[in-house]
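I have placed the structure first, in the form of structure tokens, so that the comments after it can refer back to it.
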Amino acid sequence: MSNPFYITTTLPYVNAEPHIGFAMEIIRADIIARWKKSQGFDVFFNTGTDEHGAKIWQKASGEGIPVQEYVNQCAAKFRDLKQLLNLSDGINFIRTTDPNHIKATEEFWRKCDLRGYIYKKNYKIKYCVGCELEKTESELVDGKCPIHPNQEIQLIEEENYFFKFSEFQKPLLELYKKQPRLVVPDFRFNEIKAFVERGLQDFSISRLKTKMPWGVPVPGDDEHVMYVWFDALVNYISAIGWPEDEAKFKKWWQETGGVVQYCGKDNLRQQSAMWQAMLMAADLPPSKTIVIDGFITKNGQKISKSLGNTVDPVGIVSEYGVDALRYYVARELHPFEDSDYTEEGFKKAYNGNLANGIGNLASRITQMMIANQVSVEISEEKVENQIYINAMENFDIKAACDEIWKIIQKTDQRIQEIQPFRLVKTDLQKGKEEIAYLGRELNKVAVLLSPIMPHTSRKIKEAIAENKKTDTLFPRKE
Ligand SMILES: [Zn+2]
């Protein structure tokens, strides 16, 4: 296969349970991965876990577990998402504690250092442990990080290594001009452009080992460990063999035109400015596209463990099934802006669009086909719906879903109007032709659903091909 496509999620910190926000990110990335695969692309889909850093060290120490053992347990929970969320076969799972990743971070550091982009200086900053980011006074609200109002801002003073981010203002602005689709959606792209235009400050990339013993030692200086950015972000290239496997790296980084990176809006700066500058510093080509998701709130409130209002994707899947969750994050949550989750909203969408929508339509049509001995020839269908194709290519999965549900609605209406179950009694031939037409429409819907709701799509296609009724796809919930 020749047409390579590379897509990745961010690597979540392993110190918390997988949450609904990450479930949304990885399901959306999976939908794009499955879509590209269906279009004949050779797809590399990467995810994994970020396992170094102060938060993880503190948590493991607090629980009295050796830290490697602790991260092994945590990583397993994220690995389980593959099964739980029905993610693509062959998904790559990288851990920042993997030996080959650690080797890559060392080489990446050395390269940036050799090219003059790393230096050591004394350092005093305000710092949010939640974001793992420095905060300027203007970013704080009442002296606290607005994303982590429950955590105290830390004052840090020590000698650290720094990355010369400030030298990349012009090159980044040039990159943004050259790649007008680098960041999706546009309003996020404008946000990062404005941030870079205001001027950039060098950022710290190491910590003293005495303070943060859980990290990759800085090459040539055992007193320091690499701080999150030169460790975690490098996974996007270590996952595809950099620096040792040149052929593999060339295929997935160069022949693809770069990686597609899914992330949440709290990662905008890291992914679309810091990481792009780091790539330039290491003399590597930029990413292709960075897709920025909004946040999910619950009943209008920010979701956080300390507020005790988390939304558990495992619970949703066991109650409603994986395709219901996949549908929900694909269509019911805003593709790019913040969205609110409520249990009632979920149930309403489930009953309205799954039980009564696609579920009801599939059972009506397959029932009519069986009762009237109508079968339709299905060859593996090519997607020709241009609205759907454009939406998928623009990462607007909601718009692609809206197009599917428009067809579902139109087909429902057609059944109401033509009433083929009556028509067969007065004009058998015409009635059968109508039912066959509906069967082909249903199959079309199943093909379009395939990357979004793979189980549902397969069940419908099988029912049509084998001339049987679909089992109740989505039992109504009271
Ligand atoms: Zn924060």
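Quick rundown of the values:
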read-out	value
Crossing angle, helix 360-371 versus the chain [Cα axis fit, 0-90 degrees, rounded to tens]	40 degrees
Charge dipole (debye, nearest 20) of the chain; +1 at Cβ of Lys and Arg, -1 at Cβ of Asp and Glu	980 debye
For segment 86-215, projected area of the alpha-carbon convex hull averaged over all directions, nm²	11.5 nm²
Protection proxy ranking, peptides 242-254, 411-423, average beta carbon neighbours within 10 Å, highest first	242-254, 411-423
Filter on LYS103/LYS209; LYS193/LYS406; LYS37/LYS111 - keep pairs with C-alpha separation over 29 Å	LYS193/LYS406; LYS37/LYS111
Positive-end residue, the chain charge dipole about Cα centroid, Cβ charges, pick of VAL183, HIS455, ILE153	HIS455
0 to 90° range, to nearest 10: angle between helix 20-38 axis and the chain longest Cα axis	60 degrees
Taking the chain and dividing mean pair separation by its residue count, relative contact order in percent (alpha carbons under 8 Å, at least six apart)	16 percent
Net lengthening on full extension, PHE187/GLU343 (0.36 nm per residue, minus Cα-Cα)	53.2 nm
Rounded Å value of the spacing that divides the Cα centres of segment 21-87 and segment 236-263	19 Å
Computed FRET value (nearest 0.05) for ILE370 with ASP80, which takes r as the C-beta separation and R₀ as 30 Å	0.20
Total formal charge among the other residues, if their Cβ is under 13 angstrom from that of LEU173, Lys/Arg +1 and Asp/Glu -1	+2
Estimated FRET transfer efficiency when R0 is 30 angstrom, pair LYS425-GLU380 (beta carbons, to 0.05)	0.30
Peptide ranges 468-474, 273-279, 299-305, 377-383 listed from the most packed, as the mean C-beta count within 10 angstrom indicates	273-279, 468-474, 299-305, 377-383
Within-11-Å neighbourhood charge of PHE395 [Cβ basis; K, R +1; D, E -1]	0
Radius, Kirkwood style, for segment 343-465 when every pair of distinct Cα atoms is counted (Å)	15.1 Å
Pairwise FRET efficiency - GLU197 versus THR472, Cβ, R0 = 45 Å, nearest 0.05	0.20
Segment 1-135, relative contact order [Cα under 8 Å, separation at least 6], %	26 percent
C-alpha long axis of helix 67-79 to longest principal axis of the chain, angle in °	20 degrees
Projected label distance in nm at GLN58 and ALA247, using a 7 Å step from Cα toward the beta-carbon	4.7 nm
Proximal charge balance of GLU191 [Cβ under 13 Å; K/R count +1, D/E count -1]	+1
Potential extension, LYS120-LYS406 segment - 0.36 nm per residue separation minus Cα distance	97.1 nm
Relative contact order of segment 368-478, defined on C-alpha pairs under 8 angstrom at six or more residues apart (%)	32 percent
Convex hull volume per residue in cubic angstrom - Cα atoms of the chain	152 Å³
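Every read-out reported here was derived from the displayed coordinates using simple, explicitly stated rules and does not represent laboratory data. What you see is a predicted model, and the numbers here were worked out from it, not measured in a lab. Reconstructed Cβ throughout: ideal geometry from the backbone, glycine too, with neighbour counts over all protein chains shown.
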